[in-house]
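The structure appears below as structure tokens.
The values are calculated or read from the model by the stated rules, or taken from the named source; none is laboratory data. What you are looking at is a predicted structure, and each value in this text was computed from that prediction instead of being measured. Glycine also receives a Cβ, built like all others from the backbone with ideal geometry; neighbour counts cover every protein chain displayed.
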Amino acid sequence: MRDSSMQVETEIERCVASGMCTLLAPEVFDQDEVTGQVVVLVKHPAEEQWEAVDEAVRSCPGQVVRFEQAAEPAGAAEPADAP
């Protein structure tokens, strides 16, 4: 089940700089001006952006973009150190 903990992850070393992610979800992705590789602008996109992010994931020729549930929900507090 999806919730606000959904996050974008990339494997930058495998990026082939096709720009598909930027074309499909420009509010979430950009490209580095020098290398052309993916730059994540929004790690936790809003729900209304999920469909575009999903399409970017499916369209990435290098399969470097993932959209998955984070280990911890966005904004979750860090656990306090035990005494």
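Just a few scattered comments:
Listed here are the residues, each with its yes/no results for (1) modelled with pLDDT of 95 or more; (2) in contact with a helix residue (DSSP H, G or I) (Cβ under 9 Å, 6 or more places away or on another chain).
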{"position": "GLY19", "(1), (2)": "yes, no"}
{"position": "ALA25", "(1), (2)": "yes, yes"}
{"position": "PHE29", "(1), (2)": "yes, yes"}
{"position": "LEU41", "(1), (2)": "yes, no"}
{"position": "GLN69", "(1), (2)": "no, no"}
{"position": "PRO73", "(1), (2)": "no, no"}
{"position": "ALA76", "(1), (2)": "no, no"}
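- Pair list, Cβ < 9 Å and 6+ apart or interchain, from the stretch 58-69 residues that are within 17 Å of SER4 (Cβ to Cβ) and touching a residue at least 60 places away in the same chain (Cβ under 8 Å) to residues that are hydroxyl-bearing (Ser, Thr, Tyr) and part of a loop (DSSP other than H, G, I, E, B): GLN69/SER5
- Residues of the stretch 42-66 that turn out to be loosely packed, with under 14 Cβ neighbours inside 10 Å and aliphatic (A, V, I, L, M), as a count: 1
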